Structures are given as structure tokens and as C-alpha cells.
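Below is one structure; the comments refer to it alone.
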Amino acid sequence: MFQSIKKVLAAYFKEMSFEPRIAELLPRNGGYTMPLFGKDVLAGVIVGVVALPLSMAFSISAGGTPAQGIYTAIMAGFFVSLLGGSKFQIAGPTGAFVTIIFGVQTRYGMDGLIMATILAGLMLLAMGLSGLGKFIKYIPHPVTMGFTTGIGLLIFSQQIKDLFALDIAASSPEFFTKWAEYAGAFSTFQWPSLALGLATIAVIILMRRFAPRIPGAAAAVAIATIVTAVFSLPVETIGSRYAGIPASLPIPALPALNWEIIRDVLPSAFTIALLAAIESLLSAVVADGMTGDRHNANMELVAQGLGNLAAGLFGGIPATGAIARTATNIKNGAVSPVSGLVHVLTLVVFILFLAPAASSIPLASLAGVLIVVSWDMSDIPRFVRLMRASPKSDTIVLLTTFALTVTFDLTFAVEIGVILAVFLFLRRVIEVAAIKPENNELIAELAYGEIGKRTRNEIEALSKDAVEIYEISGPFFFGVTDMLQTTLRTIPQNTRVIILRMRDVPAVDASGIAALETFMAQCKAKKITLMLSEIREQPLKALGKYGFIDSLGVENVKDTLPKTLDAAEDIVEGEGLLNRATPPKPHVLTR
């Protein structure tokens, strides 16, 4: 028994291809040369410099400490680079999590946030091992665009306090309440902080325009830190608020197991896992487009899961693949996951040897960095174009997800957005589904094309009142099954045979099978013989396993239309109902 289980698992893992991309550096796969190593080192150091201020800024904006952001970038970055399914992925804290992290930390404290991070890591691990990686990309685009733009607006709103140095002890997590607090405290704003924040934004924009190879955020923060120290500006810094950054890595520890907290944070953990999966795989797709590579989605989710587990154990916050840092990695010449490991080493060196220097970083400068990030994340021009070009239903999903993200809760917004998208999809499918009388072209096709061995007189022998032909097109699932009931109500009273032509039905689900079973029972009650023609592999297997074929009778299932018509003619002839005046009246059930 154990040998059988071992063989099944071995076959499963081989099929799923759970091999990290770093394995390509082994000698059996071509090896790894010093020139390639040199390229990875250069790219990794640059990405490490870029990741440093972003990791601190995202953590601060989410209600954590600068150190937690760096710990997260180190732990998640290490596992994702070592075990990930993309050669170029850089992982760490990102803007997608800021609002949900802030909400969890506000409601349940840091222990609740760490527990949510660990639970999200376990969920990501399960997603990868179960092969769900390839399905994550099917989250509707209006949903992802809606909550991404909403998150960008929330990140921007969270930076106003530090940008203006407003005298607010602890701002509210609610969007409108927060802005009301800003308005009430506006008289306390400080010019030096605002000037540093605006200067940081200006430097980033100028760097992008005139020196795109230089990390704009890192350069802007460095300049702001030097100016603050030289001129002794009266602004709040990392040192004044957080007492600096410890010059060592923390010891891993589990948070206190509290089942009530686990139950409370579980929905948020699911949202974190879903967002991490979406953003990580989107980042991997972007990297593929830039390099011509192809990532392994399931292995990437496994690595993201382990990275978040490690981040949680070391007191960090949720992490995912970071598109901007991954693109920076590629643009600076990375050739393998080694560059991601060098990026991690760069952050470790900073913690061990340069942590005291971070104490002088002004918080207004980090706020400026995140304001630029929020603009990039929101992608307002694309949001407006999507509203103009999309169908009204997509616009409704987009605006609903955006509004719920901003005014309520990201978890709720994602859930409602996906549900809305599913219902609108079903409505579109049902709107185009109909039972139509067959046109003259298909009648000619039936008479002279697909059943060429039968003469026209033989076809006309099947009375239109005795035999009805319907063609079902598209997947027969729960969204279109009630059309069968409509069909039964429209057939003539003296019909004796109904043929369902299923050559264009690729799949049938449980609701479809149940509808067919009900339809068959109603046909039997009316003394009508139901026949299936040209049924494809998946529907045939599903109906067979369910027992529908046995109930229908194997003699009433034919693989070609000529055979079905022969059998129908035999039934009609046996009842003495032949009418050679007109051919059968075909219909089509279309989707």
C-alpha cells in the first residue's frame, strides 16, 4: 500500500514539475560561470539598494516598524529566490498588502498580523501543491484593477500624516474618518517635512526622466537623509519614532496560539494569500515578457508560501513578488535566481553594519516614496481608459470593487468583486443562449451533406410532428440548463422522438446532468423517446458514471446523426406514424 502511495505521489510531483529554477545552475543543466555570477552580483546589489527604502516604507505605512519590513524582504526574498518558479522574481513587502495589513494590525494587534501572515503562507503552499497556480490568472481584470486602484488611493491617504507632519496620535483606518482628522489637524503641519517629501517626489521623477538606471527612490531618500543631518532639520525620523533599527536578525518564534484570533484573521489571511498569488504570478508574467523565459506557477506559489511562513516566524509582515523590483533586477543584467540571493545578502549587510545610519532617514521622505508608488499602482490613465472602453457590466464590477476597497474593506471588496464578475459572466452566457428553429441552410446540410446515404424522400419520411431535432452548443452547465424545460414546452403534442445533437458540447456538469435527467423523465411521461447524438468524450463519461446512459438506454445513444435518424425512423415506423410530406424540424440550442 505504501509503495502504491509513493508511486502516486512521485508521479504527481513529476507531472507538476516541482523543481526550483535555481536547479538549472547545477552542472547537469549546463552549470554556472563566473561571468554570469558577476552579472547577478551587480543586479542583486542594485535591487537590494532599491528594496531597502521600499521595505521600510511599506512596513511603516502598514503599521509595522522599519525593521519588520527589512526582515520580511530578507526572509521572503531568500526562499522565493532559492525555491521559486521564476528566475528573476524579487519578493518582499509591497503596496498590495498595506491596507489589509494596517486593518489587521489595528484590530488584532501584531500577534494577529503575524498569525495572518503564517496562515496565508500555509494557504499559498496548499495552492501551489494542489496545482492551482495556473488558475489564479483567471481572476477578472476589472476586479484586480478595481482593488489595485483603490489600494493606491488608500496608500496615498496614509502618507498625508507624515508628509505634512500632522499632530495626530493615531489616525483612523477608515478612509473618510482619516481625511476628517487631517482636516482637523491641518493647522499643525510643518513646512520642513512637506518640503522634504515634495523634494523626494521631484528627485524620483527627475531620476526616471534623466537617469533611469539609478534607483530613484534610494537616491531620493539618501539625499533627504543627508540634507536632514547637515541642516539639522526639525523633522521626525526613523530614529525619533522607532529608536532606529536593531543591528541583528531576530530569533524565530511562533505567535501565541489563540483560536479566537485564528478564526478572526482567517478571512484576512485568505485575502492576503489570494493577493500574494495574483501579484506574484503577475510579476512572473511580466518577467517572462521581458526575458522570453517561462515561469513555473505552482513552484512559485510554493516558494511564496514558504517565504511568508518564514517572514511570519521572524516577526515580519506578508510578502509577494514585487513587479518593480523584479523589473529592476532584469534591467540590471540578472541571469539567474542568484541575483535575488545577492539582494537578500545586501539587506543582511545593511542590518549588521549600517543599521545606525537608518536612524536619520526622515519619515516625510519615505512618505514621498510611497506617494509615487501609490500613483504607479493606481495607474489612473489606464483606469479611465478601462471605464470608457469596457462594457457597462465590467464598469460596474470595476467601480464597485474600487468603491468597496476604499470605503469598507479589501477582503469584502475582493469577494464581492469576484461574485459580481461571476454573475455578470453567467448573465452574458444566458443572454446569448436560445432555442432557435433551424434555418434553411442547416436543413439542406441535413438532407444532402452529413447523411448523404439517405435520400431526401427517406428524410421526409420522418414527420416534423413525430421527430424533433435540437442541437446544443457550448458547455452544458448550471447557467443554461433551464433551457431544456423551455424546449419541452414548445414541442408538438404528437412528437414521439426528440434528438439532442451534442457534437458541440465539450463538457457537462452536475447541474447539466440533473437537467437532462429531469428532461428524460418528462419525455418518458409524455411517451417520447429521447435520443443523444454525437456526444463527446467528457459528457459521455460523466453521464455514464452517473447512470444516465443506463436509464436512457444505450440503444438511444448514437455516435453519428445518420445512425440516430435510422433509429428514430424505426421508432416512428413501428408506431405507424410515418409522414413523408416534410422533413423533421431541426432546432439549435445555442450559447
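Filter region 480-508 down to the residues that are assigned to a loop (DSSP other than H, G, I, E, B) and of a type in the set (D, E, K, R), then identify the one that is modelled with the highest pLDDT. Checking each candidate, the answer is Arg496.
Can you tell me which residues in region 127-145 are within 15 Å of the chain's Cα centre (by Cα) and modelled with pLDDT of 85 or more?
The first filter runs over region 127-145 and keeps only residues within 15 Å of the chain's Cα centre (by Cα), leaving 127-128, 131-145.
Once the filter is applied, which keeps residues that are within 15 Å of the chain's Cα centre (by Cα) and modelled with pLDDT of 85 or more, region 127-145 yields Met127, Gly128.
Among residues belonging to region 162-181 that are touching a residue at least 24 places away in the same chain (Cβ under 8 Å), under 19 Å from Leu366 (Cα atoms) and of a type outside the set (Asp, Glu), point out the one that is surrounded by the most Cβ atoms within 10 Å (Cβ to Cβ). Ranking the candidates gives Leu163 first. For region 229-248, taking the residues that are part of a helix (DSSP H, G or I) and not polar (S, T, N, Q), the one that is farthest from Val302 (Cα to Cα) is identified as Phe231.
Scan region 193-201 and give yes if some residue there is assigned by TED's automatic domain parsing to the domain that holds Ile118, surrounded by fewer than 16 Cβ atoms within 10 Å (Cβ to Cβ), within 29 Å of Val349 (Cβ to Cβ) and in contact with a helix residue (DSSP H, G or I) (Cβ under 6 Å, 6 or more places away or on another chain), otherwise no. Write out each step before concluding.
Restricting attention to region 193-201, the residues satisfying the condition of being assigned by TED's automatic domain parsing to the domain that holds Ile118 are 193-201.
In the following step, the residues that additionally are surrounded by fewer than 16 Cβ atoms within 10 Å (Cβ to Cβ) were identified as 195, 198.
Filter once more, keeping what is within 29 Å of Val349 (Cβ to Cβ): none.
Taking every residue of region 193-201 in turn, none turns out to be assigned by TED's automatic domain parsing to the domain that holds Ile118, surrounded by fewer than 16 Cβ atoms within 10 Å (Cβ to Cβ), within 29 Å of Val349 (Cβ to Cβ) and in contact with a helix residue (DSSP H, G or I) (Cβ under 6 Å, 6 or more places away or on another chain).
If you go through region 296-341 and keep only what is crowded, with 24+ Cβ neighbours inside 10 Å and under 29 Å from Met34 (Cβ atoms), you end up with Glu300, Ala303, Gly307, Gly321, Ala322, Arg325, Thr326, Asn329, Ala334, Pro337, Ser339, Gly340.
Only one entry in Thr326, Thr271 is of a type in the set (Val, Ile, Thr), over 12 Å from Ile114 (Cα atoms) and at pLDDT below 90, namely Thr271. Among the residues of region 249-270, those identified as under 24 Å from Ile74 (Cβ atoms) and part of a helix (DSSP H, G or I) are Val265, Ser268, Ala269. On inspection, Ile214 passes the criterion of being part of a loop (DSSP other than H, G, I, E, B), free of Cβ contacts under 8 Å to residues at least 24 places away in the same chain, out of contact with any Ser or Thr (no Cβ under 7 Å at 6 or more places or on another chain) and farther than 28 Å from Ala116 by Cα. Entry remark, region 343-395: residues being aliphatic (A, V, I, L, M) and closer than 28 Å to Pro192 by Cβ number 15 in total.
Can you confirm whether region 88-106 contains a residue that is surrounded by fewer than 24 Cβ atoms within 10 Å (Cβ to Cβ), touching a residue at least 60 places away in the same chain (Cβ under 8 Å) and farther than 29 Å from Val384 by Cα? Spell out how you get there, then give the answer.
Looking only at region 88-106, we keep the residues that are surrounded by fewer than 24 Cβ atoms within 10 Å (Cβ to Cβ), and these are 102-103, 105-106.
With touching a residue at least 60 places away in the same chain (Cβ under 8 Å) added as a condition, the list becomes 102-103, 106.
Add one more test, that the residue is farther than 29 Å from Val384 by Cα, and what stays is 106.
Checked region 88-106: at least one residue is surrounded by fewer than 24 Cβ atoms within 10 Å (Cβ to Cβ), touching a residue at least 60 places away in the same chain (Cβ under 8 Å) and farther than 29 Å from Val384 by Cα.
Here Thr177 fits the description: under 36 Å from the mean Cα position of the chain (by Cα), assigned to a helix (DSSP H, G or I) and modelled with pLDDT under 90.
Against the criterion of being over 14 Å from the mean Cα position of the chain (by Cα), among the aliphatic types (A, V, I, L, M) and part of a helix (DSSP H, G or I), Leu124 does not qualify.
Which of the residues that make up region 88-113 are within 14 Å of Ala62 (Cα to Cα) and out of contact with any Ser or Thr (no Cβ under 8 Å at 6 or more places or on another chain)?
Within region 88-113, the subset within 14 Å of Ala62 (Cα to Cα) is 92-110, 112-113.
If the condition is that a residue be within 14 Å of Ala62 (Cα to Cα) and out of contact with any Ser or Thr (no Cβ under 8 Å at 6 or more places or on another chain), then Ile101, Gln105, Thr106, Arg107, Tyr108, Gly109, Met110, Gly112, Leu113 are the ones that fit.
Within region 230-249, residues that are in contact (Cβ under 8 Å) with a residue 24 or more places away in the chain and within 22 Å of Leu347 (Cα to Cα) sit with their Cβ atoms under 8 Å from residues that are part of a strand (DSSP E or B) and not charged (D, E, K, R), at 6+ positions apart or across chains, in these pairs: Thr237/Pro362. Restricting attention to region 552-561, the residues being over 42 Å from the mean Cα position of the chain (by Cα), surrounded by fewer than 16 Cβ atoms within 10 Å (Cβ to Cβ) and touching a residue at least 12 places away in the same chain (Cβ under 8 Å) number 1.
Residue-by-condition table, conditions (1) of a type outside the set (A, V, I, L, M); (2) touching a helix residue (DSSP H, G or I) at 6+ places or on another chain (Cβ under 6 Å):
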site	(1), (2)
Phe88	yes, yes
Thr99	yes, yes
Gly121	yes, yes
Ile155	no, yes
Leu163	no, yes
Leu166	no, yes
Ala170	no, no
Ala183	no, no
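Residues that are modelled with pLDDT of 85 or more, under 16 Å from Gly128 (Cα atoms), in a helix (DSSP H, G or I) and not hydroxyl-bearing (Ser, Thr, Tyr) within region 280-300 comprise Leu281, Ala284, Ala297, Asn298, Met299, Glu300, listed in sequence order. In region 529-575, the residue that is modelled with the lowest pLDDT out of those that are of a type outside the set (A, V, I, L, M) and either on the phi > 0 side of the Ramachandran plot or assigned to a loop (DSSP other than H, G, I, E, B) (or both) is Glu575.
Determine whether Met387 is more than 25 Å from Ser59 (Cβ to Cβ) and either in the same structural domain as Phe79 (by TED's automatic domain parsing) or at pLDDT 90 or above (or both). In short, yes. The conditions of being of a type outside the set (Ser, Thr, Tyr) and modelled with pLDDT of 85 or more are met by Leu354.
The values are calculated or read from the model by the stated rules, or taken from the named source; none is laboratory data. Values in this document were obtained by computation on a predicted structure and should not be read as measured data. Ideal geometry is used to build each Cβ from the backbone, glycine not excepted, and the neighbour counts take in all protein chains shown.
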